[in-house]
There are 2 protein chains.
Amino acid sequence: MPRVALKKILEQIKPVSAEKLAEIQARIDRQAKPAGSLGRLEEFARRYVAITDSEEVRGKRIYTFAGDHGVTEEGVSAFPQEVTPQMVYNFVDGGASINALARHVGAEVQVVDMGVATDFEDLDGLIKRKIAKGTANFTKGPAMSQEQALQALLTGVEMARQAKNDGIDLVGTGDMGIGNTTPSAAIAACICHLPVEQVTHRGTGVDDEGLARKILAISKGLAVNQPDPNDAVDVLAKVGGFEIGGIAGLVLGCAAEGIPVVVDGFISTAGALIASELHPNVRDYIFAAHQSVEIGHHHMLVRIGQQPILDLDMRLGEGTGGALAMTLIEAGLRVFREVLTFDAAGVTEGSEQ
Amino acid sequence: MPRVALKKILEQIKPVSAEKLAEIQARIDRQAKPAGSLGRLEEFARRYVAITDSEEVRGKRIYTFAGDHGVTEEGVSAFPQEVTPQMVYNFVDGGASINALARHVGAEVQVVDMGVATDFEDLDGLIKRKIAKGTANFTKGPAMSQEQALQALLTGVEMARQAKNDGIDLVGTGDMGIGNTTPSAAIAACICHLPVEQVTHRGTGVDDEGLARKILAISKGLAVNQPDPNDAVDVLAKVGGFEIGGIAGLVLGCAAEGIPVVVDGFISTAGALIASELHPNVRDYIFAAHQSVEIGHHHMLVRIGQQPILDLDMRLGEGTGGALAMTLIEAGLRVFREVLTFDAAGVTEGSEQ
């Protein structure tokens, strides 16, 4: 059943019209400024308008997916697992970095429990979709079953539909999960066909020994489970995480619903990579928020085919880079809507462009 | 007289306290996130708070300085000189890119006529400080006199004082002047001791022949006038521009008044370079808004010692990159003010940092 549901969603994903993109750029080129001089702001406007047929953002929302990871047993993180639920409470209370940055750009934050190893009471702002209390340790077998991987994807799709119903037209991805740079690097190594060392970095701040343990754990996980790089659901199940599956599903769902989706940093990009392997047109809907400090990030973005909008030496996750990128996308739309044409402004056009 | 006035301003410029910067960073390090994980957002907060002793931005203003250039006679621009006053009217009417982006980030725009080759009537939002109707063609002699260069600098300083009096605590620089990438490249070549070809690019969009004419004009200007790279006022006078002098003065004035100043792209950075050559501590007050497409920009930023905040393939000027950078600086302050400490949030600290 879930395989059929996923197939239906994939069938809904259409490419963004090249003709529409060209029409929008032609309108941009009539505005009183040298052709192309606003660089990527023009790209943001062009893509957003082509995807949505709208020229402004009415509602912005960031979904921060949380989950725990059995692989933390291998000593891959500088923080203990108890920090995952502690941070979930911090998000819900509005005291974390993502809350501050979302407030700054006027976005909502919704937190989705995909698989934290703690039972939560009902909390305003927490969406409870726990699949299990953390993944299994993937050095010893698959992180989750194929059924659970599909459940994670469909939960993300559900969030995209919820966003659509709520009038949200710009969505951001975010993550929380102690240890989750480890599955993200495993996904990168597998799908990008790269050595583990080339995509594995320090996460929240492990030292050299921690980094060595992390590389070993990922290498073991790939050897033990043999995920099939041509089957993204298999990769997610064997070496992924519940929150990564939620992100992948959100990205898929946004592409299916025609919502531009701002993908945060390393963990979010691992999710977006899984989504874009499932259907190539997903790439058209992705805005890559920023370049993470994590060394594996770049390789995944290259495979997805999107350039990061910001490069501010960030490596926090939560959706923080996505929040900042949202306001730059809106800046592009503001220019698109408000800057006069050469004719209307009474400005003479250039000759040599 | 103006030389004495300039000397007094330079004497007011203090270094930003290293002790204060360290204290602020220590407070940031107690916030519930991995140490350093917000990268440059932490730098923005640290520097802003150290400069201003305030944790928020009450008022933001961008000064867009306009001037014309005698060197346009040499065919160095894709646009005719009449576009400078046309764009001044567009700024004042609110229809240009800088107006749209300033509105997006909640900043004011003030336009300063430093030397446009047109008489303006009195206009709301236009500050009339015309020094002359355009500079002289610097391929034949100095662009302006030393007196005029000092007058341009002091006008910029006056704007910084005005900002201080108006309760503005974050200032942005902007420029308008057909032909003004030519004097900016001349300033870069002279002060950075680089070949003209290495710092000269296409501006608003000249073709290969236009670029060759531009390189020739700058080479002539430097040969004819022999500006002294160790005397920034001499460089400004011989191969600069009135709006570039205004920007340089604004940056100096902001440093003297303790106001962080966001320096836009290529032309603004030429002004900031002159300011930072006049007093090394000026560099502490500069936030480099973005990396321009212009090839000479990087070299000036290296000499100033500031890294660009954004890199969005922009090359418009007006202050557009500065407006965008302002909201990222504010994002850093928002995190600084609002994110809970590990203790307050009940989050366990990491072990290996």
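The values are calculated or read from the model by the stated rules, or taken from the named source; none is laboratory data. Treat the numbers as computed from the prediction; the structure is a model and nothing was measured. Neighbour counts are summed over all protein chains in view; Cβ atoms, including those assigned to glycine, are modelled from backbone coordinates with ideal geometry. Note: accessible area is taken over every heavy atom of the protein model, side chains too, but ligands, DNA and RNA are not part of it. Shrake-Rupley method; radii C 1.70, N 1.55, O 1.52, S 1.80 Å.
Annotations for the structure displayed:
- When you count the other C-beta atoms within 10 angstrom of each residue and take the mean per peptide, A:6-13, B:38-45 line up highest first as B:38-45, A:6-13.
- For chain B: relative contact order, % (alpha-carbon pairs under 8 angstrom, 6 or more apart): 25
- Two-site label geometry, residue A:281 and residue A:337: point separation in nm, points 7 Å out along Cα→Cβ: 2.8
- Amide proton proximity set for residue A:62, modelled H, under 5 Å, gap of 5+: A:108, A:109, A:110, A:172
- Of all aspartates and glutamates in the structure, those lying under 19 Å Cα to Cα from residue A:140, and not within fewer than 8 positions of it along the same chain, are A:68, A:73, A:74, A:228, A:234.
- Virtual paramagnetic centre 7 Å along Cα→Cβ of residue A:5, amide N under 14 Å, in the stretch A:246-266: A:246, A:249-250, A:253
- Only protein heavy atoms count here, probed at 1.4 Å, and on that basis chains A and B bury about 4900 Å² of accessible area in total.
- The accessible-area loss of the stretch A:31-67 on complex formation, taken against its chain alone with a 1.4 Å probe, reaches 40 Å² or more at A:34, A:37, A:38, A:40, A:41.
- For residue B:14 and residue A:73, the FRET efficiency from 1/(1 + (r/R0)^6), where r spans their Cβ atoms and R0 equals 60 Å, is about 0.65.
- At least 10 Å² accessible surface lost relative to isolated chain, residues of the stretch B:290-314 (1.4 Å probe): B:309, B:310, B:311, B:312, B:313, B:314
- Length gained when the stretch residue B:207-residue B:145 is fully extended (0.36 nm per residue, less Cα-Cα span): 19.1 nm
- Working note: Karplus 6.51/-1.76/1.60 with θ = phi - 60° gives the stretch B:62-70 the couplings 10, 9, 9, 8, 10, x, 10, 9, x Hz, where Gly and Pro are set to x.
- Taking a straight Cα-Cα cut-off under 21 Å and skipping sequence neighbours fewer than 8 places away in the same chain, the lysines within cross-link reach of residue A:7 are A:164, A:238.
- Of all DSSP beta bridges in the protein assembly as shown, antiparallel share, percent nearest 5: 5
- Computed over the stretch B:7-132: relative contact order in percent, which uses C-alpha pairs under 8 Å that are six or more apart: 22
- Plainly put, the stretch A:191-333 has a radius of gyration that is 0.97 times its Kirkwood radius, both from alpha-carbon atoms, as the Rg/Rh ratio.
- Of the whole protein surface, residue B:201 contributes about 40 Å² of accessible area at a 1.4 Å probe radius.
- The stretch A:233-278 - percent relative contact order, Cα under 8 Å, separation 6 or more: 45
- Rg over Rh, two decimals, the stretch B:70-135 (C-alpha only, Kirkwood Rh): 1.01
- Per-residue mean of foreign Cβ neighbours for B:337-343 is 4 (Cβ atoms of other chains, 10 Å radius).
- Other protein chain C-beta atoms within 10 Å of residue C-beta, averaged over B:325-336: 4.
- In terms of overall dimensions, chain B has a Cα radius of gyration and Dmax of 20.2, 70 angstrom.
- Between residue B:216 and residue B:27, the modelled label-to-label distance comes to 5.9 nm, taking each label 7 Å out from Cα in the direction of the beta carbon.
- Antiparallel bridge percentage (DSSP; both residues within the stretch B:57-327; nearest 5): 0
- Where the stretch A:57-327 is the region considered: accessible area per residue in Å², 1.4 Å probe: 29
- The protein assembly as shown - percent of accessible surface contributed by carbon and sulfur, probe 1.4 Å: 48
- Rg and Dmax of the stretch B:94-246, based on Cα coordinates, read 16.5, 48 Å.
- Residue by residue along B:78-89, Cβ atoms of other protein chains within 10 Å of the local Cβ number 4 on average.
- Protection proxy ranking of A:282-288, B:90-96, B:123-129, by the mean of other Cβ atoms within 10 Å over each peptide's residues and highest first, is A:282-288, B:90-96, B:123-129.
- Solvent-accessible surface (1.4 angstrom probe) belonging to residue A:147, in square angstrom, nearest 10: 110
- Ordering of B:324-333, A:160-169, A:237-246 by packing [mean C-beta count within 10 Å, highest first]: A:237-246, B:324-333, A:160-169
- Calculated [θ] (222 nm, deg cm²/dmol) that DSSP helices of n ≥ 4 give over chain B, each run adding -39,500 (n - 2.57): -15500 deg cm²/dmol
- Computed FRET value (nearest 0.05) for residue B:58 with residue B:231, which takes r as the C-beta separation and R₀ as 41 Å: 0.65
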